[in-house]
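Let me begin by presenting the structure, written as structure tokens, before commenting on it.
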Amino acid sequence: MSSLKFDNVTLKFGGITALNNVSFEVKPKSLYAIIGPNGAGKTSIFNCISGIYRPTEGDVSFGENNIKDLRPDQVADLGIARTFQNIELFENMTVLDNILIGAHRHLNYGPISSLLYTKKTRKSELAARKIAEEIIDFLEIEQFRYSYILSLPYGVQKRVEIGRALALNPEVLLLDEPAAGMNNEETEDIARFIIDIHEEMGKTIILVDHDMNMVMDIAEEVMVLNFGEKLAEGRPEEIVKDSKVIDAYLGVS
Amino acid sequence: MRGRPNLYTDYNKESAIFSNNTQKSWFFIMVAFSFSLCFTASEYWIYLLTSSFLMSIAAWGLNIVSGFAGQINLAHGFFVGIGTYTSAVLGGIAGANVIGFELDMLIWLPVAGITAAIVGLIIAPITVRLKGLNLGLVTLALVFIGSHLFSNFKSLTGGAGLGRKVARLKLFGIYLENGYQIGDYFLEKNQILYLLSLTLCILCGLGIKNLVRSRAGRAYSAIRDGDIAAEAIGINIFRYKASAFALSSFFGGISGAMFFTVSGGVEPGTFNLLYSIVFVAIVVIGGAGTVLGPLFGAFFYTMFPAIIQLLLHVFEIGEQSLPLNLGQIERILFGLFIISFLIFEPRGLWGIWFRLRNYFKAWPFSY
Ligand SMILES: Nc1ncnc2c1ncn2[C@@H]1O[C@H](COP(=O)(O)OP(=O)(O)O)[C@@H](O)[C@H]1O
Ligand SMILES: [Mg+2]
């Protein structure tokens, strides 16, 4: 089990500084939340972790590995999976196929074995199918198994995306606003899934969210981000009392 | 826990090549019917069907890279050409200006596919880094480079305007060019080609079906639907795009090797831009990204002139009374078909077939 660490990370887009000298450490098996207003740089942090953006300065490491220069698929291979703020599911495929794609890295055969569908292929596929079915059970989306993504309500799509990330069997799960755009009941469902993933599956979770209430309820540690800078970090009950945070973020919302 | 012990076998059955018995039955009925046509159809129809089978194989190839993996490829005809000339050199007769080794089909057919695949891999460092319009332009350039090479490597291709003879039909050391006697029955050359093409077509079709129900096929579709998400999930998109190009070219190469063996000779000018575009048209009309689409598209394309002839005949319209010649009319109509499909039925002929099938499934008494 490894810690995920940001070391003085700065990320610039031309004149815009999306992240300014941000450092933090997420310990194994913790549930770490990042909050902050729109445009604060939360998604940019995820993109720096998963190799979609490359920090302008600073380092990102996972255990012994410096992952700053890795490609997204290499980061995923180390056991870091994510969801996207604006759902990025494979729309022309079914729920089952989306989740099976998540299990891609657990299958160890190539295109030619795919074409010939050898014995090894069959065995691998069955194993992947088992992983997928367990996740479908867990997320209670059995009735949507064969539905195409586009035909599904938003809340279910969000769940499927979590399922696809879980299928990687990652060590760290990055969730980008999993409850955005959901009603109270759906938010509670998602919170319950997140707690289960954290406690029962024992995964490290980094949660980015707008919904302060949910974050304060479930997170063990919270970082507050504002205009690309780290404003505060600590236990939820400390954060809500922090005067800087109240001024910059809680005050306005 | 009801059914838990059976779970394993259930998934096994579900991911099987035919997910239900109806599909399986239809497959065997169609295969049996196709084989029987070899002995009942006229020479003209045998030729058309043979061409359709081989065009299907090439179209399936393009469908891997364009339909599944979503990468534009305007150079599929170039890869078909690579396969064609590989087979011609390995299996053809040496002439005054061209080389040829008269090897067995067991060698020239697979090597034709493999060579095309290798060429696909050689250009992969460029193609996998591009997408959309840029990829379209690079593949376009490839067609012109290919044409140039084919015209100038005279010892391999015979050169522009002249061409060369293609691979000989020698299988297991037996020359089949003049037919083959099996017991009391004499198989004509065109029947042998029909049977070989049909068999290849079935094998390739099953291969495609295997692809879509397993890891590589899913990875291709993931890249098509969202390359960023695909990468974030652990798919090495460079490697998979490269393998899509290679597999696609393999199918193209095999198809070319057989196709021109049916027609007997080949001239470098064949592999021009239009030739490549035809494959794009076939995939679009048939239904990109589907298993059966390219098959439908290839049959439609190959049979199209025959269908027009038939219509003219039925409606008793003389060719002389037409304002344009037949070839022009065919091309105009075909162009219109492409446009209509793009606008009205992006899933092509497969989409129409799919809706008809569901319509009849929903018929009150079909169960
Ligand atoms: N690809 C990009 N190009 C230019 N600017 C970007 C890009 N991605 C993010 N930004 C900028 O970085 C800042 C932080 O964005 P983001 O990380 O998406 O914030 P959050 O997720 O907290 O809402 C914003 O000002 C945004 O406009
Ligand atoms: Mg964001």
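No value in this document is a laboratory result; all are computed from the given coordinates. In this text, all values refer to a predicted model and were calculated from it rather than measured experimentally. All Cβ positions, glycine included, derive from the backbone under ideal geometry; neighbour counts span all protein chains shown.
Annotation note: Cβ proximity below 7 Å between a residue of the stretch B:343-355 that is farther than 13 Å from B:GLY67 by Cβ and a residue that is surrounded by fewer than 17 Cβ atoms within 10 Å (Cβ to Cβ) and of a type in the set (A, V, I, L, M) (sequence gap 6+ or interchain) occurs for B:GLU345/B:ILE352. Can you tell me which residue is nearest to the other protein chains (Cβ to nearest Cβ) among those in the stretch A:171-218 that are assigned to a helix (DSSP H, G or I) and within 16 Å of ligand 1 (Cβ to nearest atom)? If we take residues in the stretch A:171-218 being assigned to a helix (DSSP H, G or I) and within 16 Å of ligand 1 (Cβ to nearest atom), then A:VAL215 is nearest to the other protein chains (Cβ to nearest Cβ). Of all residues in the stretch A:140-178, exactly one satisfies the criterion of being more than 29 Å from A:LEU4 (Cβ to Cβ) and basic (Lys, Arg), namely A:ARG145. Restricted to the stretch A:153-207, and to residues there that are within 16 Å of ligand 2 (Cβ to nearest atom) and in contact with a Leu (Cβ under 6 Å, 6 or more places away or on another chain), the residue that is farthest from A:GLY63 (Cα to Cα) is A:GLU161.
Looking only at residues of the stretch A:80-126 that are under 11 Å from B:ALA232 (Cα atoms) and not in a helix (DSSP H, G or I), we find that the one that is nearest to the other protein chains (Cβ to nearest Cβ) is A:GLU88. What is the residue count in the stretch A:1-44 for residues that are surrounded by 15 or more Cβ atoms within 10 Å (Cβ to Cβ), among the charged types (D, E, K, R) and either within 16 Å of ligand 2 (Cβ to nearest atom) or closer than 21 Å to A:THR56 by Cα (or both)? The number of residues fulfilling the criteria is 3. As a summary of the residue check, B:GLY297 satisfies the conditions (1) in a loop (DSSP other than H, G, I, E, B); (2) away from chain A (no Cβ under 13 Å) except for the one numbered (1). Scanning the stretch B:209-243 for residues that are under 19 Å from B:ALA288 (Cβ atoms), of a type outside the set (Phe, Trp, Tyr) and more than 8 Å from chain A (Cβ to nearest Cβ) returns B:LYS209, B:VAL212, B:ILE223, B:ASP227, B:LYS241. Only a single criterion out of (1) away from chain B (no Cβ under 14 Å); (2) under 24 Å from A:ILE162 (Cα atoms); (3) in contact with a strand residue (DSSP E or B) (Cβ under 7 Å, 6 or more places away or on another chain) is not satisfied by A:THR43, namely (1). Checking A:ASP97, A:ASP137 one by one, the residue that is free of Cβ contacts under 8 Å to residues at least 12 places away in the same chain, away from ligand 2 (no atom under 16 Å from the Cβ) and surrounded by 19 or more Cβ atoms within 10 Å (Cβ to Cβ) is A:ASP97 and no other. Looking only at the stretch B:65-108, residues that are farther than 17 Å from B:ALA257 by Cα, touching a Phe, Trp or Tyr at 6+ places or on another chain (Cβ under 7 Å) and assigned to a helix (DSSP H, G or I) come to 2 in all. Applying the set (1) touching a helix residue (DSSP H, G or I) at 6+ places or on another chain (Cβ under 8 Å); (2) within 12 Å of chain B (Cβ to nearest Cβ); (3) among the aliphatic types (A, V, I, L, M); (4) not in a loop (DSSP other than H, G, I, E, B) to A:LEU168 leaves exactly one unmet item: (4).
When you look at A:TYR146, is it part of a loop (DSSP other than H, G, I, E, B) and without any contact (Cβ under 8 Å) to a residue 24 or more places away in the chain, yes or no? Here the answer is no, as A:TYR146 does not meet what is asked.
In the stretch A:54-67, the residue that is farthest from ligand 2 (Cβ to nearest atom) out of those that are surrounded by fewer than 20 Cβ atoms within 10 Å (Cβ to Cβ) and part of a loop (DSSP other than H, G, I, E, B) is A:GLU64. Within the set A:ILE80, A:ILE49, A:ILE16, A:ILE87, the sole residue that is within 13 Å of ligand 1 (Cβ to nearest atom), in contact (Cβ under 8 Å) with a residue 60 or more places away in the chain and among the aliphatic types (A, V, I, L, M) turns out to be A:ILE49.
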